[in-house]
Structures are given as C-alpha cells and as structure tokens.
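Peer 1: The structure that follows is given in the form of structure tokens.
The values are calculated or read from the model by the stated rules, or taken from the named source; none is laboratory data. None of the values given here were measured: they were computed from a predicted structure. Cβ placement follows ideal geometry from the backbone for every residue including glycine, while neighbour counts extend to all protein chains displayed.
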Amino acid sequence: MVGTLGSPRSGAIDAASRAPFGWTPLVVLFIVGFVDRIEHNLLSGVLPAIQREWGFSDTAAGSIPTAAALAAAVVALPAGYLADRLSRTRIIAVVVLVWAVATLGSGLATGFLMFYLARVLLAAAENIDNPAAGSLLADYYPPVSRAKAYGLTRATAHLGGVGTLLGGVLAEAFSWRTAFLVMVVPGVLTALLVWLLREPPRGRLDRPPAAGDTTPVSAVRAPAHGGAASPSAAGAQLPFRRQLRQVLAIPTLVFVCAGLCLLTLGLSGIFYWLPTFMVRSLGAGTGTAGSLAGLIPVAGTLTGTLAGSWLGRRWHGTRRGGRLLAGGGGLTAGSVVLAVALSMDSLGAMSVLVLLACSLLAIAMPNLAASLADVVPAASRGLGFAVLQLLTTGGGAFGSLVVGIASDRFGSLLAGMYILVLPMIAGGLLTLRARTPYERDARKVMRDAAQG
C-alpha cells in the first residue's frame, strides 16, 4: 500500500472536478503544516520559563527566531530548486523526520547554546518542505479549488497558535522541556503519513480548464524522480539562474512577496512577544497568557479563512484581481486593528481586538497563495513558493529582534511592537497593488498550459 494515498478518483480528470485526486492529500499536507507550526510556536509559550532558568536578556531571546530565520532563508532557494526536480512527497517526509530529531534536541538541551543551535537546525529543516508543499497543492487541485486548498494549509501558520497554548500550559504544569519532548511522536508519525502520498504529475491540472483536455491520468505519468511530466513542465529543466530570472519577472509574484515580507516582519515580532507582554504589562499568568495568545489566533484564523475562501470564490473572475482585493484588503484592515489592540490596558479588550485583527488578516491566506499558484507556471511553482518563503522568512527574521532591542533600550515591549505596525500596513497596500498585473500574468500561464 506504500505510495497509494492521493491516487486519482477515476481514470480521467473531469475539468469541472474540484478534487480529482480526492481530499486526502489536502488533509495530509494540512497535518504537516499544523505539526510544523505547533512545534515552531512552542518557544513563544515557554519563553518566560526558559528565561527564568537561564537568565538571558530580551535581546538574546529575540535573536533566537532571527538566527533561525536566517538559516531558513539560506536553504529557501535550493529547496525550490529541488522541489521542481525531485519527488516532492519524499522531500517533505524526510524533512518532517528531521524536525522530530531537532525537536528532541530542543527538549534535551543542557544549555542555552545547545538549545539555540537546535532551534536553528529546526527552522532550516522546516523551510525545505514549504516550496514542495506549495507546488504539490497546485498539482492535486485545479484553479477552481486552489483557494480552498491553500487557505486550509496556510491557515496552519496561525492555527499553530495551539503550540503557544501548549507550551505555556505544559511549562507551568510540568516544565518547558516537556513541551518539546511531547512533539517528537507526532513528528515521526506525520513523516510516515507523507511517505505514503502519491506524487502527482506536474502541470496536469492547469490543462483541462485551459484546453478542455480529458486525457486519462494514467496516460500522464510522472518520472521516477518527480520531475517534469509534460511539455508544459519543461521549464524545470532550465538552468537555475535562468529559471529564477523567469520567476522574478512575474510582476504579481514580486508585489505579493514584497508585501508579505513586510507583513511577516511585523507579525513575527508582535506575536512572538505577545504572551510575554501579557505577563509583564497586563498581569496575566504564564498559562493564561500562553492560552490566550494561542487560542485567539486559532479562532480568528478559522473565521478569517472561511470568510476569505468565500470572498475569493465570489470575487475571482467577477472583480479585477478579486482574490488580491480580498487578501490585500484583509491585511491592511487587520494591521490597523492590531495596532489599536496593543493600546488597550485591559486583557479582555485586547483579546477581543486581537481576535478581530486575526480574522481580517486570515482572509488573505486562501487568496494570496492561490493567486501565486495562478501566475507561476507549473514547472517553476516550487521555485516561486521558495521565493515567497525566502522573503517572508527574511522579513520574519528580524521582527522579534527589533522588539527585543527596543525593549532593552526603552524599557518597553510595547514601544518595540508599535515600531512594526507601519511595515505591516505597507505590506497590505503592496498586495493590493498586485491586482494590476494579476489578470495578465494568470492568462499567460493558462495560455502556455493549453499550448503545452
């Protein structure tokens, strides 16, 4: 039964089908993202307890995500190169297994340096799977259902707030080490699940809506190495530099990636320090702060993702750049509401406004990733999502450090958090700017797919 998950439902692809390979691949990739983000967010929940044990400064604490993100940025483009040439399911399975090992190292660390290095290794491993997962989704699901597929998987970025909750509760009830050790088993089991996924042919689902093609799936076989499966995927054989230049020449991709880079700069800093801010400034306990900072993004993300999927489906094709209008509008409005939330001196009022901000921000998830898949050719989607990952990781690298340095210098976490609000708003406006070239870029992909 190895490699049978995600097999096609029938011998031919129906151009109107929303899930010709079924919804199992989406569930599996959702689990991958969920486990990844839970583990990633554990640190935010346990940070007060670790600082008490080892006594390091806020600057040192803020530098952990920075160093981890820089390590992740280094591997982003090579990861995209591999995702366009090798089996994407195998890449993800191996990476998830490495997560489990790095998580074990975090829990068993005997000092700050060992812990620091384990977090850096984990972040680098996490970044290798993202381009492969982004490329896979576009080959499992056609354009009509991509917003839903990307929305659910990208929602894990905030659903992983469960990790903040889990970290805070376990750190208070047992120890911060327990929070990391319990995540090893889910990591191993998730790696096994991904190993069973079937590798889909590349670019196959771009063709039916473009050319009315109903060729049986069995007649289009992916090579053993997971490379190009059709003439339309020939771009994967281009030299890396030429392929990268082609991807960076897509205006929609440039605007979306730049906007999300600025947004991630702000979100990474604000939400990393949010539990600590609640403890220090609003008098919350570690468990309470971790629970609120974890549960609020989860609830907001679920609401916003559902709303975003509905808006994206309703506006796509009926408004110019409809998906980008929904996504960019949500990011801009959510950033403004989050700035207001930080000014509240009541834990309850802050929680309500943060919930609203997370709901608005999450509207972008199903729409921006789907828009990116729409404008990047199938042969280069791994690299396209790698560029997105590189820029968002680079942006997120410095958010926590900016807040930590500002806190040490001004004696206020809030001051550092407010420094990051303006870049967030600018990021939302940039994604709205991507509406102008979107239709042209998307039509080019469909036209090339039909000719392929």
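Peer 1: Looking for something closer than 26 Å to Phe385 by Cα and either of a type in the set (Asp, Glu) or assigned to a loop (DSSP other than H, G, I, E, B) (or both) - is there at least one such residue anywhere in the range 73-84?
Peer 2: Here is the first cut: in the range 73-84, the ones closer than 26 Å to Phe385 by Cα are 73-84.
This time we only want the ones that are either of a type in the set (Asp, Glu) or assigned to a loop (DSSP other than H, G, I, E, B) (or both), so: 84.
Within the range 73-84 (the criterion being closer than 26 Å to Phe385 by Cα and either of a type in the set (Asp, Glu) or assigned to a loop (DSSP other than H, G, I, E, B) (or both)), the answer is yes, since at least one residue qualifies.
Peer 1: Would you point out which residue out of Val375, Val387, Val421 is touching a residue at least 40 places away in the same chain (Cβ under 8 Å) and in contact with a Lys or Arg (Cβ under 9 Å, 6 or more places away or on another chain)?
Peer 2: On inspection, the qualifying residue turns out to be Val375.
Peer 1: Considering only the range 90-126, how many residues are within 19 Å of Leu26 (Cα to Cα) and not charged (D, E, K, R)?
Peer 2: First, pick out the residues of the range 90-126 that are within 19 Å of Leu26 (Cα to Cα): 90-96, 126.
When the remaining residues are screened for being not charged (D, E, K, R), the result is 91-96.
Residues flagged as within 19 Å of Leu26 (Cα to Cα) and not charged (D, E, K, R) within the range 90-126 amount to 6.
Peer 1: Look through the range 292-304, keep the residues that are surrounded by 23 or more Cβ atoms within 10 Å (Cβ to Cβ), in contact with a Gly (Cβ under 8 Å, 6 or more places away or on another chain) and aliphatic (A, V, I, L, M), and return whichever of them is modelled with the lowest pLDDT.
Peer 2: Ala293
Peer 1: Further question on the same structure: Only one of these is farther than 21 Å from Gly404 by Cβ and modelled with pLDDT of 85 or more: Ala76, Ala133, Ala125. Name it.
Peer 2: Going through Ala76, Ala133, Ala125 in turn, the sole match is Ala133.
Peer 1: Sticking with this structure for a sec: Would it be correct to say that Val46 is at pLDDT 85 or above and crowded, with 23+ Cβ neighbours inside 10 Å? Walk me through how you get there before you give the answer.
Peer 2: Values: at pLDDT 85 or above: no; crowded, with 23+ Cβ neighbours inside 10 Å: yes.
For Val46, the condition - at pLDDT 85 or above and crowded, with 23+ Cβ neighbours inside 10 Å - is not met.
Okay, residues lined up against (1) surrounded by fewer than 18 Cβ atoms within 10 Å (Cβ to Cβ); (2) outside any helix (DSSP H, G or I); (3) of a type in the set (A, V, I, L, M):
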| site | (1), (2), (3) |
| --- | --- |
| Ala406 | no, no, yes |
| Arg409 | yes, no, no |
| Met417 | no, no, yes |
| Ile425 | no, no, yes |
| Thr431 | no, no, no |
| Glu439 | yes, no, no |
| Lys444 | yes, no, no |
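Peer 1: Just to be sure, is Val402 out of contact with any Asp or Glu (no Cβ under 7 Å at 6 or more places or on another chain) and of a type in the set (Val, Ile, Thr)?
Peer 2: Answer is yes for this residue.
Peer 1: May I ask you to say which residue of Ala307, Ala289 is under 14 Å from Leu355 (Cβ atoms) and either among the hydrophobic types (A, V, I, L, M, F, W, C) or crowded, with 24+ Cβ neighbours inside 10 Å (or both)?
Peer 2: Result of the check over Ala307, Ala289: Ala307.
Peer 1: Only one of (1) buried (at least 17 other Cβ atoms within 10 Å of the Cβ); (2) of a type outside the set (Phe, Trp, Tyr); (3) at pLDDT below 85 is not met by Ala450, so which one is it?
Peer 2: Failed condition: (1).
Peer 1: Right, another one. Conditions: (1) more than 16 Å from Ala370 (Cβ to Cβ); (2) of a type outside the set (Val, Ile, Thr); (3) buried (at least 20 other Cβ atoms within 10 Å of the Cβ). Ala147 meets all but one. Number of the miss?
Peer 2: All conditions are met except number (1).
Peer 1: Looking at the range 74-83, is at least one residue free of Cβ contacts under 8 Å to residues at least 60 places away in the same chain and of a type in the set (Val, Ile, Thr)?
Peer 2: yes
Peer 1: Among the residues of the range 273-280, is any closer than 30 Å to Arg146 by Cα and crowded, with 19+ Cβ neighbours inside 10 Å? Can you show your working first?
Peer 2: As a first pass, look at the range 273-280 and keep what is closer than 30 Å to Arg146 by Cα: none.
Among the residues of the range 273-280, not one is closer than 30 Å to Arg146 by Cα and crowded, with 19+ Cβ neighbours inside 10 Å, which makes the answer no.
Peer 1: Among the candidates Ile64, Ile92, single out the residue that is aliphatic (A, V, I, L, M) and at pLDDT below 85.
Peer 2: Ile64 is the lone residue from the list that is aliphatic (A, V, I, L, M) and at pLDDT below 85.
Peer 1: Let me ask something else. Just the residues that are part of a helix (DSSP H, G or I) and more than 18 Å from the chain's Cα centre (by Cα), please, taken from the range 297-325.
Peer 2: Passing the criteria: Ala307, Trp310, Leu311, Gly312, Arg313, Arg314, Trp315, Gly322, Leu325.
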